Structure formats: structure tokens, C-alpha cells
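What follows is calculated from the coordinates using simple rules that are stated; it is not laboratory data. It should be emphasised that the depicted structure is a prediction, and the values quoted were computed from it without experimental measurement. Methodologically, a virtual Cβ is constructed for each residue, glycine included, from the backbone with ideal geometry; neighbour enumeration extends over all protein chains shown.
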Amino acid sequence: MSRRASTDQQTAELQQALPAGRPLRVAVLAFDRISPFHLAVPCVLFGDQHPAAPVFDLRVCAGEPGPLRTTAGFEVHTRHGLAALRWADWVIVPSWRDPAERPAEAVLKALVAAHRRGALVVGLCLGAFLLAEAGLLDGHEATTHWSAADEFARRYPAVQVKPGVLYVDAGQVVTSAGTAAGLDCGLHLLRRHYGANVANRVARRLVVAPHRQGGQAQFIEHPLPDTRGDARIAALLERVRACLADDHDLDRMADGAAMSRRSFTRHFRQVTGTTPKQWLLSERLALAQRLLEATAEPVERIAQRVGFASATVLRLHMRKAFGLTPVAWRQGFSGTLHAMHVDKALDQR
């Protein structure tokens with residue numbers, strides 16, 4: 001059975017299982033030192049009443065004795081405890097305070113019990129760690145915040161980690177990437193269970209895109225290499241960054257560092273962790289991103305400024321690296337409406 005067919009069947013079964021007139025029940029697991037934003041995401045999606053959207057019965061439940069402190073300095077008081085997970089059709093873990101901290105055994109047992117009786121279990125951002133710790137993600141694909149993806153993969157080898165996506169729907173378990181990706185995941189759940197029209201209306205109400213293109217790669221910051229140990233490589237990197245539009249092949253870069261081709265390649269990888277070709281591509285894409293966000297220059301001109309032969313080449317590289325075209329990047333990350341309209345026609349030629 002295909003994943004789509006399986007999802008459609010699960011949706012139909014859920015709707016049939018609900019007594020007539022009873023709203024779908026959603027339990028959101030809160031804990032001490034929770035981020036208010038992460039807690040608010042499922043609450044605003046499923047706790048507020050949106051026009052033409054289904055009515056949910058949402059309860060925030062405490063996974064430990066309260067009051068629960070938030071990272072913003074105020075406290076959360078809730079009347080519900082882990083027993084709410086036995087009541088819920090959906091159980092949402094909106095995050096977790098520390099990937100290195102194992103949750104209480106009572107929390108893990110409550111998640112397993114909810115899953116066994118057929119509840120949909122969702123882990124947003126670092127909440128995926130709780131699902132994995134409970135064994136609910138074994139044999140499934142899953143994601144989490146990009147900054148914790150390597151640690152997640154190391155600790156849970158039975159889980160197929162997908163670090164480059166915004167959310168993963170594995171049927172009865174769903175996970176999302178960090179922070180705002182929880183909104184993407186929640187809107188996906190609305191589409192999955194109630195259709196695109198409902199999801200679109202809620203997205204419009206919240207003034208967010210009903211379906212974002214691309215993945216987490218859009219948001220991962222590329223750290224600058226530590227060049228303190230090699231002054232020649234450091235100087236070369238600065239010169240190349242200052243004129244990315246020039247032709248920088250391997251031989252020219254090696255000459256610029258006064259090294260043989262072989263020695264330069266070895267030293268370059270030691271300093272940057274990558275090859276000269278990949279580093280150069282990354283630098284050109286990073287500059288293109290900044291120009292798309294901060295200027296109204298045509299895409300063709302930006303491609304030339306960063307060292308690509310044409311806008312078509314830039315488009316191909318951005319699609320491969322980020323899942324977005326230059327125009328889509330500008331629309332998503334730039335606040336300049338004029339620039340968005342100017343480049344739309346140029347980029348589609």
C-alpha cells in the first residue's frame with residue numbers, strides 16, 4: 001500500500017472512529033523550561049477557533065509537577081497531567097528542553113501507551129527525541145532541528161534521519177524540524193485529515209504560507225572555517241571572497257597559496273573541512289542569497305556578480321542546495337516587494 005493510500009485510510013478510520021459531533025482531542029505535552037513559542041504552535045493551530053476550520057478539544061498537560069517555568073520567565077499552570085494522553089486522539093510533544101536529558105519514565109510509558117491504542121503521536125523540533133527515546137520511531141524516517149540532527153542519528157541508529165526536510169509523516173508518528181517548522185507540520189496535519197481548503201484557510205488566518213517550499217537547508221548557517229593555523233590558506237580565502245566573479249580553478253588557487261596542487265588540496269581540506277570546489281560553490285551561493293535578500297538586482301546580474309555563467313546555472317545550483325529558485329528565495333526571505341515583482345519575470349525566462 002502506498003503512503004498516500006495508507007494516510008487516506010488512517011484519515012477515514014479516524015473520522016469514522018470519532019462519535020458524531022465529538023471534536024478531535026489534542027493533548028499537548030508541556031514541561032519545565034519550555035519555550036513559549038514551541039508551546040504556542042499547536043495551541044494556535046488547534047486551540048484557537050478558526051473560521052471554516054474544525055473544532056478541536058485541546059488540553060495542555062504537564063509531564064511533571066508544576067508550575068512549569070518557561071524560557072521567557074513566566075510560568076504555565078495547567079489542570080491536566082499525563083492522564084490526558086489516554087484521552088487524546090493526537091498527542092503532540094512541542095519540543096524538549098535538552099536532547100541529552102532522558103525524559104521521565106512515566107512520560108515515555110504514556111507516549112507508548114497512546115501510540116499502542118492508536119493515537120497519532122507528533123514530535124515537533126526536539127520533541128522528536130522523546131518519540132525516539134520511547135522507541136516509537138524505530139524503523140521509521142524522522143527529522144528534528146538541524147543543529148541536533150547528528151546527535152539524533154548517533155543516539156538512535158534504528159531511525160532513518162532526514163535532516164534536510166521540514167517534517168516527516170510516517171503514518172502514526174510525525175516529526176518536524178525546528179521552531180517555525182512546527183507550523184508547517186501542523187498545517188500538513190490539517191491537510192492530511194481535513195483537506196487542503198481547511199489548511200489554506202488556517203494558514204491565511206495566521207498569515208503564513210500554507211505549504212513552504214524547500215527544507216531546513218535554507219536556514220542552516222555555514223560556519224566560517226578556522227584558518228588561524230594556516231596563514232596562506234586564510235589569505236587566499238579572503239582574496240577569493242573579495243572577487244568571487246573571477247575564474248578560480250584549482251591550479252590558480254594553489255598558485256595563489258604558493259603550494260603544489262596536491263599539497264594545497266590537502267591543506268585546504270584540513271582548514272575548511274571540504275574541497276576547494278565545494279567551498280567556492282558554497283561561498284558563491286551564500287553571496288547570492290545575501291544579494292537576493294538585500295537588493296533588487298535582476299537574477300542575471302546577481303549570477304554574474306557571484307561567478308555563475310548565467311541565471312540558469314544559479315537557478316540549478318540553488319534548487320539542488322536549497323530546493324528553491326532565486327525568485328522563491330527572494331519571495332521568502334526579502335522584505336522588498338518591488339524586487340520580488342521585478343525578478344519574477346526575469347527569472348522565469
| query | Points 7 angstrom from Cα along the Cβ direction at GLU151 and VAL55: gap in nanometres? | reply | 4.2 nm
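Averaging sequence separations of C-alpha pairs under 8 Å and six or more residues apart, then dividing by the length of segment 231-347, give the relative contact order as a whole percent.
Details: 118 pairs, mean separation 25.7, N = 117.
Answer for segment 231-347 is 22 percent.
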| message | So for each of 303-310, 26-33, 67-74, 262-269 I average, over its residues, the number of other beta carbons within 10 Å; can you give me the resulting order with the highest mean first? | response | 26-33, 303-310, 262-269, 67-74
| Those residues of segment 28-69 whose amide nitrogen sits under 14 Å from the label point placed on HIS77, 7 Å along Cα→Cβ | 66-69
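Using unit Cβ charges (K, R positive; D, E negative) and no other charged atoms, how large, in debye to the nearest 20, is the dipole of segment 3-218 about its Cα centre? List each step's numbers first, then the result.
Details: 23 positive and 18 negative charges, 95 e Å.
Roughly 460 debye, rounded to the nearest 20.
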| query | Does anything in segment 183-213 have its amide N under 14 Å from the 7 Å Cα→Cβ label point of VAL44, and if so which residues? | reply | 183-187, 202-210
